[in-house]
Amino acid sequence: MSTTSQASQRINALLDENSFVEIGGLVTARATDFNLKQTETPSDGVITGYGVIDGNLVYVYSQDASVLNGTVGEMHAKKIANLYDLAMKTGAPVIGLIESAGLRLQEATDALNAFGEIYMKQALASGVIPQITAVFGNCGGGLALIPGMTDFTFMEEKSAKLFVNSPNALEGNEISKCDTSAAAFQSEETGIVDMVADEASILAQIRQLVAVLPANNAEIALDDCTDDLNRACTDIANCVGDTSVALSRIADDGVFVEVKQNYAKSMVVGFMKLNGATVGAVANRTEVYNAEGEVTDKFDAALTARGAEKAAEFINFCDAFDIPVLSLTNVTGFAATKCSEKRMAKAASKLTYAFANATVPKVNVIIGKAYGSAYVAMNSKAIGADITIAWPDAEIGMMDAKLAAKIICDGQGADAIDACAKDYAALQNHVTSAARRGYVDQIVEPVDTRKYVIGAFEMLATKSEGRPEKKHGTV
């Protein structure tokens with residue numbers, strides 16, 4: 001492997017020191033049209049091989065932009081496809097480091113066919129081994145489908161470009177008006193990109209992600225836990241707004257790895273360790289705090305179409321890899337805007353289906369309000385939550401008591417409405433009422449959340465749940 005190319009430097013920075021072993025280092029292009037025979041194509045523009053991250057086997061390919069701009073030719077694509085074959089045989093993740101001008105025009109249909117073979121390998125590997133992509137330069141046209149088909153995508157904040165059609169090719173748009181290929185657009189608007197950062201940070205974040213993921217769908221991600229299993233979550237009650245912070249309070253050693261950070265911020269998804277075991281977390285969010293503790297964003301406690309789709313996709317990943325799911329629920333209804341309404345019913349259906357369809361252990365903690373069908377969709381007991389925990393001040397019911405009273409006492413005076421609202425809150429929305437009906441299993445103080453959640457997942461460790469025999473669902 002070349003020790004000077006940026007492609008090889010990225011591999012060395014990603015993997016444990018001196019652990020990379022190159023495969024297919026002598027492969028070059030076979031095509032000879034358009035003077036390719038006279039052109040040097042070392043490794044055919046992509047370095048492939050294997051190594052370890054914290055001792056865990058991974059397969060890596062890194063495109064070399066110094067060789068024909070990193071374009072994907074026949075042999076380039078076959079090297080990546082071969083890497084997938086090895087990863088599937090051995091049950092280890094594939095990490096792709098992308099910087100390419102796209103398909104190699106000189107190789108035409110040979111390149112196109114081989115490129116399609118990568119898609120096929122990705123499709124077969126989906127749900128079997130984790131697939132991670134990091135975009136450092138251009139990733140355009142058909143190449144953009146590769147990160148679209150992977151489980152997690154990282155993007156360099158300044159130089160990376162991810163697009164199917166270039167910004168200037170979009171009618172009514174040009175790049176200075178809206179750079180649809182930029183990391184900001186792809187992470188905030190499309191939801192393809194999980195994390196945006198500088199190159200060094202991206203490689204470090206990939207290492208962190210690999211550390212919490214299982215190597216394949218038959219392995220359980222489990223480490224030794226040095227954190228106190230009964231540790232009190234002393235300030236978690238103050239974190240109801242920003243549940244990414246609340247999840248870090250519950251997690252072993254305070255580490256919560258959030259994914260899709262910039263997309264649909266009113267929904268939090270990510271990974272944590274609980275007693276050393278990896279757990280996926282899904283949580284409603286109404287506030288975002290920065291490192292200085294300042295509120296940078298505020299949202300209604302409403303389920304949005306984007307948030308529902310984001311959570312559904314994450315739950316499907318967790319279920320495929322046998323990762324238990326923890327949810328923190330604080331939702332009062334569905335987002336009510338014309339834009340949201342275009343997708344709301346379908347998106348909420350996808351979220352409901354994802355929770356209901358998942359057979360992994362599922363624990364729901366109701367930390368605030370849980371109203372109406374939005375609450376039902378957020379991992380309620382009705383759609384399959386194994387254990388439902390609620391904080392003492394949680395509210396569970398059809399709707400806000402004041403609004404319900406206005407409907408029930410329509411045409412009556414303000415005093416009658418106030419009295420009705422008080423009764424409705426006590427009889428219908430109080431957490432104790434839900435517990436008496438069996439919709440809540442445990443009412444626990446916020447400070448004790450960690451130990452009760454860990455206890456629930458330990459009890460559910462041997463869970464086995466069947467589903468009707470079918471090829472797959474269609475929601």
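What follows is calculated from the coordinates using simple rules that are stated; it is not laboratory data. Remember, predicted model here, so these are calculated numbers, not experimental data. Here the Cβ positions follow ideal geometry from the backbone for every residue, glycine too, while neighbour counts run over all protein chains shown.
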- Using θ = phi - 60° and Karplus 6.51 cos²θ - 1.76 cosθ + 1.60, couplings along the stretch 230-235 (whole Hz; Gly, Pro as x): 9, 4, 6, 8, 4, 10
- Item | GLU17-THR432 pseudo-label distance in nm [points 7 Å out on the Cα-to-Cβ vector] | 6.2
- Query: In Å, what Rg and Dmax follow from the Cα atoms of the stretch 202-242?
  - Reply: 15.1, 38
- Message: Limiting things to C-alpha atoms, what are the Rg and the maximum Cα-Cα separation (Dmax) for the stretch 186-320, in angstroms?
- Response: 15.0, 42
- For the stretch 249-316, the Kirkwood Rh over every pair of distinct alpha carbons, in Å, works out to 12.8
- Query: Gain in length, ILE175 to ASN262, computed as 0.36 nm per residue apart minus the alpha-carbon separation, to one decimal in nm?
  - Reply: 29.2 nm
- Message: Explain nothing, just compute: Karplus ³J(HN,Hα) = 6.51 cos²θ - 1.76 cosθ + 1.60, θ = phi - 60°, for every residue of the stretch 158-168 in order, whole Hz, x for Gly and Pro.
- Response: 10, 9, 6, 9, 10, 6, 8, 10, 5, x, 6
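Could you work out the relative contact order of the stretch 321-475, using alpha carbon pairs under 8 angstrom and six or more residues apart, expressed as a whole percent? If you can, show how the numbers build up before the last one.
Numbers: 234 pairs, mean separation 35.9, N = 155.
Relative contact order of the stretch 321-475: 23 percent.
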- Of LYS369/LYS422; LYS310/LYS350; LYS362/LYS451; LYS273/LYS362; LYS310/LYS463; LYS310/LYS346, pairs whose Cα-Cα distance is over 18 Å: LYS310/LYS463
- Largest-first semi-axes in Å of the equivalent ellipsoid built from the Cα gyration tensor of the stretch 115-259 are 33, 21, 12
- Note on the structure: In the neighbourhood of ASP393 defined by beta carbon distances under 13 Å, the net charge of the other residues (Lys, Arg +1; Asp, Glu -1) is -1
- For LYS79, the aspartates and glutamates lying under 15 Å Cα to Cα, once residues fewer than eight places off in the same chain are dropped, come out as GLU22, ASP44, ASP64, ASP110, GLU117
- Query: Ordered by packing density, taken as the mean number of other Cβ atoms within 10 Å over each peptide's residues, highest first, how do 60-66, 352-358, 217-223 rank?
  - Reply: 60-66, 352-358, 217-223
- Query: Under 19 Å from the Cα of LYS161, which lysines turn up, not counting those fewer than eight places away in the same chain?
  - Reply: LYS177, LYS260
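Find how much the distance from VAL255 to GLU117 grows on full extension, using 0.36 nm per residue of separation minus their present alpha carbon separation; answer in nm with one decimal.
Values: separation 138, 0.36 × 138 = 49.68 nm, distance 3.78 nm.
Here the answer is 45.9 nm.
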- Burial ranking of peptide ranges 384-391, 430-437 (average Cβ count within 10 Å, highest at the top): 384-391, 430-437
- Computed, not fitted: 222 nm per-residue ellipticity of the chain from DSSP H runs ≥ 4 (each -39500 (n - 2.57)), nearest 500, equal to -9000 deg cm²/dmol
- Linear extension gain, ASP228 paired with TYR289, 0.36 nm per residue minus alpha-carbon span: 19.3 nm
- Estimated FRET transfer efficiency (ALA336, GLU469; beta-carbon r; R0 51 Å; 0.05): 0.80
- Message: Please compute the modelled spin-label separation between SER159 and ALA461, points set 7 Å along Cα→Cβ, answer in nm with one decimal.
- Response: 4.7
- Item | Peptide ranges 367-378, 182-193 listed from the most packed, as the mean C-beta count within 10 angstrom indicates | 367-378, 182-193
- Would you please report the Å³ per residue occupied by the convex hull of the alpha carbon atoms in the chain? 173
- Any idea how far the Cα center of the stretch 374-445 sits from the one of the stretch 275-293, in Å? 25
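What is the chain's relative contact order, in percent, from Cα pairs under 8 angstrom and six or more apart in sequence? Mind dumping the intermediate values first?
On the way: 1017 pairs, mean separation 42.7, N = 475.
Relative contact order comes out at 9 percent.
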- Message: Report D for the stretch 101-172 in µm² per second (integer): Stokes-Einstein, Kirkwood Rh on Cα pairs, 37 °C, 0.692 mPa s.
- Response: 246
